[in-house]
Every structure is written in C-alpha cells, then in structure tokens.
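Coordinate-derived values only; no laboratory data. Note that this is a predicted model, so its numbers are computed, not measured. Here Cβ is always computed from backbone atoms with ideal geometry, including for glycine, and neighbour counts include all displayed protein chains.
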Ligand SMILES: [Zn+2]
C-alpha cells in the first residue's frame, strides 16, 4: 500500500455518516479533534515540528522556519489544505491537499532532496465554515482579515459561540487572534485541491482551457501529467448573506388561508428570485440553508431565515445579483444582511508562474502543457494571497465534477499523479530559493 493509500484509509472513517456516506467534520468537534490528532501523529511519525498558531491552524515543519526568517528575512514553503467538511461533504475536498502534502514530503526525502528552505504541511481550521457560518475562518483570523472579536462571537445552530467551542477544547479564547509571527514563517503557500467542477474530466472543456491558457503561454504538445493536474489562477468573488423573512405563527388547521401571514411563502418567493437574479447576471447563487420558526408541522411559520451564497467571475455582477435579491426581500418586508464578502482573488502571479513552470519541466522537460483554471470556490490560498502571502494552487481532476457531496471523487491514479506534481513543485521551491 502506498503511503498515500494508508493515510487515506486512516482518515476514511472519521466523521463519516452511516446513512448518507458523506462527511460531517466541523470545527472544534470530537471529529475535528480526531482529525487533528491524526495530523499530529503524521507529523510525529516524520519527526516534523508541530506548531499550532493562535487560531488553531496546525503546521508540521521540516526545518526551523524561525531560524530561516532570522537568517534570510524570508519564510519557508508550506503546502496543505483543510480537514473539515461541509455537511455530508465528500472525502477529497480538503484532506486531499493535506495527505498529498505529507506524501510529497515523503517523496522528497526518498529522493534525497536537501531543502535550503524549511517546508511545512498545514491543516487550516474551519475552512468550510459549516458550523459558524464564515468560510476560511482559520486563515481569515490568522491574517487579520476577520477580527478575533467577530469570529469568537459567531454561533452555531445550537447557539454555542466559537469562543465557547474553542474553550471546550482546552484552548484559551483570550489568546485567539491574528498571528503575524506564524504568518511570517510562510514564504510561499501551495495548496493542492480536488477540482470542484468538470473542466479536467471533459475533453472539450479541457481544450478550451488550453486555449485560455495560451493567452499566457502557448500550448506545446500533449497535456503534462496526463491532464490530471491544473494550476489555479484566480478565485471568483463570493459572499454569504443572511435573509430574515417575517410571518405570524398560527394554527395550521384553524387559520384560513387568507388570514395567514406565512413566512415560508416569502422564503419560496425569495428562493426563486435568487435563481432568477443569478441567471440574469451570469452568476451562481444558492439558498442552501433554512431555519424555520417555530418549525412545527402544524404551525404556520412565523419567521424564516435563509442563507444566500452568491459568486461569479465579475464582482459587479455578483453585487447586482444580490442587489436584485435584496430588492425583492425588502418588498416582502424582510431584511438582507451581509455575513462575509471576498472580492476577486487573483492567486500570486509570480508564484503561479513558477509553479506552472516547475510542473511543465517536471513532466518531460517542459514539453507538455498544464491547464490553467480559475474557480468559483473559496480557499485559504486566496485569503493568504489577499494578505500578501505568495499563494498558488494545484487542482486534481474530479471526473464527476461534483463537490460538497459524497459523490465527489478523484481516481487514485490521479491522486498519485497529483502527489508527483506537488513533489516537483515543492522540490523546485525548497531547493531553488525564493519564488
Ligand atoms: Zn476545500
């Protein structure tokens, strides 16, 4: 069994739901603790130094990043991703990057590579925001993009605050917050992630991508890495909004239809309006979470709370989509409030170009093409890039194109190709100096 396969097997049962087959791995829960222990075990087995920053992100260092910063003024190289999931998420979104990071580090050692820069594998906490509602909370607070006060006050569906959840794990919420020292150790971050669309698995879309890529670099010959790996270029702007819709609770049997003020009807109208607005502006928008009060089968809903997720390639169009939805919500007597917003995030150009070059030369002396892919999904790499930390991404082919679902998939052969590609990139970065 490859080291990749054995790590994958160790993780496969953690937080897996018996009925759906999907994963429920939320920040600061028992499942999260198991995943963090697994990460610490993998670090220890390799003799890496495990560091936890003030937010709870885990870093497993090979080499001393602080000494390197003192001597050179520059940080080390970091790869990794996250281990948490959305409700009933797939196995690959997040863990693929962490497991591939450890496997690539093993491969570098097996090749006898002697890094001139320290190298770490990272596990970012609370990337999906499934429990407290804000995605990439671990990297946002780390970089200061979100304040500790705001993060700690977020509550989950049971009314438990992030501060309480953090404390329940034996950590001190008073120490929680931005961590410039941890951030200084990161000279370059390369996140490998399962593709969350169907570009690499579809010959026609892949051909279009190669043409898009040619704007930056002319395609030469066949796809390197068998077309299983792409380099990320940018993360589309995206945000989350909370919508509150009013009604009046009443008896489902005795209240005549014309006497009702039913918040669920408003929710249905708003949900349709979301679809219409997204279509009109070339965006995607989703109502994926609903809270109904009082949530009784025989009670007319007195209040419905919806969460809107909207994204698109153009910031102005995402804003127009949300403004159109807000107009409808206001007409219906409801309110719409922004919970998070991330503008368009280009990944770091220099590092991306270098990663692209390393992948091309790593696969047959620069003869192959490596597709470039922009994405509608947010990532910690984007948060770091926005904070000025050089960050790049690799995507591994997902033949179903499905993500945030148990149907998310990547073939083992493609995963192993991803590890090889990541190894080539890391070897370049740790042996040839600053990106
Ligand atoms: Zn992810």
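Numbers for the structure displayed
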quantity	calculated
Residues within segment 277-296 that are assigned to a strand (DSSP E or B) and farther than 14 Å from residue 244 by Cα, tallied	4
Answer residue from segment 368-399, given it is farther than 17 Å from residue 127 by Cβ and more than 16 Å from the ligand (Cβ to nearest atom) and is farthest from the chain's Cα centre (by Cα) among those	368
Residues located in segment 76-91, provided they are surrounded by 24 or more Cβ atoms within 10 Å (Cβ to Cβ) and assigned to a loop (DSSP other than H, G, I, E, B)	83, 84, 85, 90
Residue match in segment 282-301 (condition: surrounded by fewer than 17 Cβ atoms within 10 Å (Cβ to Cβ) and closer than 16 Å to residue 333 by Cβ)	yes
Strands (runs of 3 or more DSSP E) completely within segment 300-399 that count 1 or more residues being closer than 30 Å to residue 261 by Cβ	303-311, 335-342
Hey, residue 32 outside any strand (DSSP E or B), touching a residue at least 12 places away in the same chain (Cβ under 8 Å), within 16 Å of the ligand (Cβ to nearest atom) and touching a helix residue (DSSP H, G or I) at 6+ places or on another chain (Cβ under 7 Å) or not	no
Tally, over segment 65-94, of residues that are over 24 Å from residue 157 (Cβ atoms) and either within 16 Å of the ligand (Cβ to nearest atom) or in contact with a helix residue (DSSP H, G or I) (Cβ under 9 Å, 6 or more places away or on another chain) (or both)	12
Test: residue in segment 240-252 that is in a helix (DSSP H, G or I) and farther than 22 Å from residue 340 by Cα	no
Subset tally (residues that are touching a helix residue (DSSP H, G or I) at 6+ places or on another chain (Cβ under 9 Å) and surrounded by 13 or more Cβ atoms within 10 Å (Cβ to Cβ)) for segment 170-179	5
Filtered residues of segment 333-352 (kept if surrounded by fewer than 18 Cβ atoms within 10 Å (Cβ to Cβ) and either without any contact (Cβ under 8 Å) to a residue 60 or more places away in the chain or touching a strand residue (DSSP E or B) at 6+ places or on another chain (Cβ under 8 Å) (or both))	333, 335, 337, 338, 339, 341, 344, 346, 349
